[in-house]
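Take a look at the structure below.
The values are calculated or read from the model by the stated rules, or taken from the named source; none is laboratory data. Remember, it's a predicted structure, so these values are computed and weren't measured experimentally. Here Cβ is always computed from backbone atoms with ideal geometry, including for glycine, and neighbour counts include all displayed protein chains. Please note that ligands, DNA and RNA were not included when accessible areas were found on the heavy atoms of the full protein model with its side chains. Shrake-Rupley method; radii C 1.70, N 1.55, O 1.52, S 1.80 Å.
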Amino acid sequence: MADQEEWSTDANEALDISFVQAAPGSPRTLSSFHPSFTYPIFGDEERIFGYQSLKLNLRFAAHDLYPNLEVLYDKKFKTVGDTKATDIEGTLKEWVPNDTFQKVGAFYSHIQNDTSASSFKPPGELLETYTSRGRNFEIWNGELTDPSVRRIVERLQIMISFFIEGGTPLQLDDQDWTLARWRVYFVYEKLSDLPSPNTSPYSIVGYSTSYRFVTYVPTTSSKSTTQDFTLPPPAPISPASLPSRARISQFLILPSHHSHGHGTHLYNAMVKTFLASPTCMEITVEDPNEAFDDLRDYCDYKHLLDNGTFARISLKTDIDPKLSARKIGVRVPTSKLLDMPLLETLRIKNKIAPRQFARLVELYLLTKIAPHNRQAGTARLTQRARASDPNDRAFYYWRLLVKQRVYKKNKDVLVQLDRGERVDKVEQTVGEVAGDYERLLRGMEKWEGGEPSASSSERRDRAKRKVVDEDDEDEDEEMTGSAKRVRSEAL
């Protein structure tokens with residue numbers, strides 16, 4: 001065992017990722033950091049066997065992500081029977097382009113002598129520019145059918161496996177029809193202080209991808225369905241011309257740029273693009289993690305607040321108390337609590353998925369209840385719908401609204417429980433939903449355009465919850481091929 005430990009190295013610590021640019025004398029490092037995960041590449045234990053004092057330097061040109069891997073070590077284990085050192089290059093070949101393995105001297109020479117770097121522009125079209133902390137940034141986007149977009153993604157997407165747990169690289173050799181359904185959004189810093197004539201003014205900050213799901217839009221024509229219909233003549237069809245759902249898939253801001261507001265700018269730019277598209281019907285997210293959930297909630301909430309959507313929504317509390325039954329499943333109709341046709345109109349206009357929109361409405365309505373009343377919890381709800389305090393009455397009906405959504409989503413599971421257990425489970429879940437909304441509201445008070453962040457204790461508490469409020473935005477769809485099981489990271 002001692003010999004095994006002597007020759008075993010923590011892959012996360014051994015791997016150093018850096019971004020460089022041309023500078024007088026030798027390339028200058030703009031940023032460097034270690035990966036959060038290496039288990040997709042080096043196994044669940046994230047260890048590399050067969051080397052002493054192992055160091056892996058994975059370098060990228062900051063503008064076009066031209067890559068290089070340098071492997072350094074003092075000693076290498078000599079093969080004994082079936083036991084041999086990890087083939088580092090062979091292991092990484094599946095994850096990086098072939099030109100990653102050239103000699104480091106050739107890489108440095110390329111960086112220093114690449115005269116095209118000074119005229120480099122990110123691939124695709126410029127979406128928007130913004131300033132953060134006195135520095136200038138740009139967001140570009142393009143289709144994956146564009147060879148220059150595909151080349152950047154091929155070089156950069158190993159970062160998805162390094163920083164997004166469960167993240168999956170895209171299959172870049174797919175058919176053009178599939179590639180055309182992918183759109184890539186890049187965030188670049190536009191540098192002004194350039195150290196040499198061959199230095200590019202651009203440095204990568206992060207990127208995101210979205211995928212188009214073609215969706216059926218039923219017609220509302222009053223004409224007879226038996227009328228004559230002639231198929232249009234054969235012609236190439238662009239996925240962008242078809243009604244679709246846009247699904248945000250991978251979302252990554254590099255560690256050196258965290259907490260500077262880049263995730264917020266990138267997400268808002270993507271949503272702005274989706275809203276402007278006449279063929280995008282709805283915006284969804286593929287399996288987001290907690291950090292992205294918070295970012296999305298804050299951005300969507302602010303958008304609905306700023307565009308006047310929330311101002312049109314109110315919770316009705318002047319309801320006949322006889323309708324407020326205690327039994328789970330025998331409830332005040334949702335139509336009695338909210339103007340459901342109006343909500344659906346607003347949801348469609350803002351292209352927000354049903355569950356996300358319901359949560360945002362619940363969050364907004366909670367803010368209309370005095371903090372003292374809602375923080376007192378159920379202790380003040382003894383009179384329920386008959387409470388004389390309008391805030392107590394509103395909080396009672398607000399909880400009833402959340403209960404309805406939770407129960408409806410989980411009815412098949414809940415009906416299998418005893419009545420008492422069923423009531424307790426729903427009450428527990430509603431309490432946890434309310435607690436998470438309060439956490440979001442506290443975060444909004446601190447959030448001033450940067451990335452939202454929770455305290456470590458809040459994240460631990462959230463991770464412990466067993467809430468039945470989970471939902472898949474696209475239960476009727478399964479991603480296949482290169483689109484399957486891609487996760488998101490917001491920060």
Test of understanding: among E445, E475, which residue is more than 15 Å from E290 (Cα to Cα), open to solvent by 40 Å² or more (accessible area, probe 1.4 Å), modelled with pLDDT under 85 and part of a helix (DSSP H, G or I)? E445
If N68 passes every condition in (1) on the phi > 0 side of the Ramachandran plot; (2) touching a helix residue (DSSP H, G or I) at 6+ places or on another chain (Cβ under 7 Å) but one, which one does it miss? (1)
Only one of A61, A85 that is of a type outside the set (D, E, K, R) and under 21 Å from R150 (Cβ atoms): A61
Every residue from region 195-237 that is at pLDDT 95 or above and among the small types (G, A, S): S200, S203, G206, S208, S210
Taking into account only those residues within region 57-101 that are part of a loop (DSSP other than H, G, I, E, B) and polar (S, T, N, Q), which is farthest from the chain's Cα centre (by Cα)? T79
Between residues in region 414-425 that are over 11 Å from K403 (Cβ atoms) and residues that are buried (at least 16 other Cβ atoms within 10 Å of the Cβ) and of a type in the set (F, W, Y), which pairs lie under 6 Å by C-beta distance while being six or more apart or on different chains? none
Output yes when any residue across region 49-56 is open to solvent by less than 20 Å² (accessible area, probe 1.4 Å) and either basic (K, R) or not in a strand (DSSP E or B) (or both), and no when none is. yes
Answer yes or no as to whether D87 is surrounded by 12 or more Cβ atoms within 10 Å (Cβ to Cβ) and on the phi < 0 side of the Ramachandran plot. no
In contact with a helix residue (DSSP H, G or I) (Cβ under 7 Å, 6 or more places away or on another chain) and under 25 Å from G263 (Cβ atoms), is that true of S208? yes
Filter result for V184 (modelled with pLDDT of 95 or more and either in a strand (DSSP E or B) or not polar (S, T, N, Q) (or both)): yes
So S116 ticks every box in (1) of a type in the set (G, A, S); (2) exposed (fewer than 15 other Cβ atoms within 10 Å of the Cβ); (3) farther than 25 Å from N68 by Cβ but one. Which box is left unticked? (3)
Determine whether V149 is closer than 22 Å to N268 by Cβ, free of Cβ contacts under 8 Å to residues at least 40 places away in the same chain and either open to solvent by less than 30 Å² (accessible area, probe 1.4 Å) or part of a helix (DSSP H, G or I) (or both). yes
Output for region 401-421, where each listed residue is of a type outside the set (G, A, S), open to solvent by 20 Å² or more (accessible area, probe 1.4 Å) and part of a helix (DSSP H, G or I): K403, R405, Y407, K408, K409, K411, D412, V413, R419, E421
